[in-house]
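We did not get these values from a lab; they are worked out from the coordinates using the rules stated. It should be emphasised that the depicted structure is a prediction, and the values quoted were computed from it without experimental measurement. As a convention, Cβ positions derive from the backbone with ideal geometry for all residues, glycine included, and neighbour counts pool all protein chains shown.
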């Protein structure tokens, strides 16, 4: 199977993966040879720190290997089609991790590859981030169902995947974003339908203060994503009042925890005081990317029974 969207996983599979992350984190030696002889190709069209290093480290720690590629170092940069590259790479590697400009590229890779394709980030979703985020919430609360999360900021790929993941696990999510920058209507609709079965709630609001009221977790991301530098001034004006700071957090639960997928623009979407403060679990969240990638890779590639 491919992992292009959080929704590609069943509710049961997502639950198993999230629970497995904790065991993998506590008992890394137990899993050190599970992917012996496996190879992943890392095909990245965009810069990356956490996704690249966490996947490469995960493969090494699981006994496998990774090959780092970019369009400029492959024939993709000289006009070879995505389909032809997928056909070949699928014969060399056990999986392809792709970080792409367009989600359509991922879909084409998956269509023509004989091995799993994993979305390392596209313009539509960031499912591996959402898996790590869900575990980070579980790690703090010991549960997902019924927890309250507020996402404040741009309705981007991270937000889209978070909506699906929260809907599948019964997390109550309130998204606060300006109307012009709301998340995908299609994904919001899908998440709302899924939430009916999980007894969770997915809401989109205009007021960040209302969204964070009583929240157990407040999550934010950069307002200007890669490739959007040309609209920076416009977005900064639109997001005035959406910064995660002490004043906004005073409306959340007393023991609120703060999340950010990084990189952070300090002093823009979040203050340094909050990012580095005692309520922040951002650095644990970043570490959990490594353990989450291991769980995802094991779920997709290991022949041994997955952790129960």
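The alpha-carbon atoms of region 18-152, seen along their principal axes, cover 49, 38, 24 angstrom, with the largest extent given first.
Fully extended, how many nm does the chain gain between residue 197 and residue 1 (0.36 nm per residue separation, minus their Cα-Cα distance)?
Details: separation 196, 0.36 × 196 = 70.56 nm, distance 2.38 nm.
Here the answer is 68.2 nm.
Quote to one decimal, in nm, the extra length available between residue 303 and residue 186 on full extension: 0.36 nm per residue of separation minus the C-alpha distance between them.
Working: separation 117, 0.36 × 117 = 42.12 nm, distance 3.49 nm.
Computed gain between residue 303 and residue 186 is 38.6 nm.
Of the options (i) 1.37; (ii) 1.09; (iii) 0.96, only one is Rg/Rh (Cα atoms, Kirkwood Rh) as computed from these coordinates, and that is (iii). Judged by the mean number of other Cβ atoms found within 10 Å, the most tightly packed of the peptides 274-286, 85-97, 168-180 leads the ranking 168-180, 85-97, 274-286.
Using R₀ = 35 Å, calculate the FRET efficiency as 1/(1 + (r/R₀)^6) where r is the Cβ-Cβ separation of residue 262 and residue 11; round to 0.05. Write out the running numbers ahead of the final one.
Values: r = 28 Å, r/R0 = 0.79.
With R0 = 35 Å, the Cβ-Cβ based efficiency is 0.80.
Summing -39500 (n - 2.57) over the DSSP H runs of n ≥ 4 in the chain and dividing by its residue number, what mean residue ellipticity at 222 nm do you reach, to the nearest 500 deg cm²/dmol? Could the numbers behind the result be given before it?
Working: 12 runs with 131 residues, N = 308.
Calculated mean residue ellipticity at 222 nm is -13000 deg cm²/dmol.
Between the Cα long axis of helix 11-26 and the first principal axis of the chain there is an angle of about 90°, rounded to the nearest 10. Nearest 10 degrees, 0 to 90: what angle lies between the long axis of helix 157-169 and the longest principal axis of the chain (Cα atoms)? Orientation of helix 157-169: about 90 degrees from the principal axis.
Residues 154, 84, 123, ranked from the fewest to the most other C-beta atoms within 10 Å, line up as 84, 123, 154.
Over the chain, Cα pairs under 8 Å with separation of 6+ residues give a relative contact order of 19 percent. Between residue 254 and residue 104, the simple spin-label model (points 7 angstrom out along Cα→Cβ) gives 5.4 nm. On full extension, the segment bounded by residue 30 and residue 284 gains 89.3 nm, given 0.36 nm per residue less the C-alpha separation. To the nearest ten degrees, helix 50-61 and the longest principal axis of the Cα atoms of the chain are 50 degrees apart. Highest mean packing comes first when the peptides 232-239, 52-59, 10-17 are listed by Cβ atoms within 10 Å, giving 52-59, 10-17, 232-239. In terms of packing, defined here as the mean over residues of other Cβ atoms within 10 angstrom, the peptides 248-258, 40-50 line up highest first as 40-50, 248-258.
Using a/c under 1.5 as the rounded threshold, could you call region 129-283 rounded, prolate or oblate? The axes a ≥ b ≥ c are square roots of the C-alpha gyration tensor eigenvalues, and prolate needs a/b larger than b/c, oblate otherwise. Oblate, since a/c reaches 1.5 and b/c is not below a/b.
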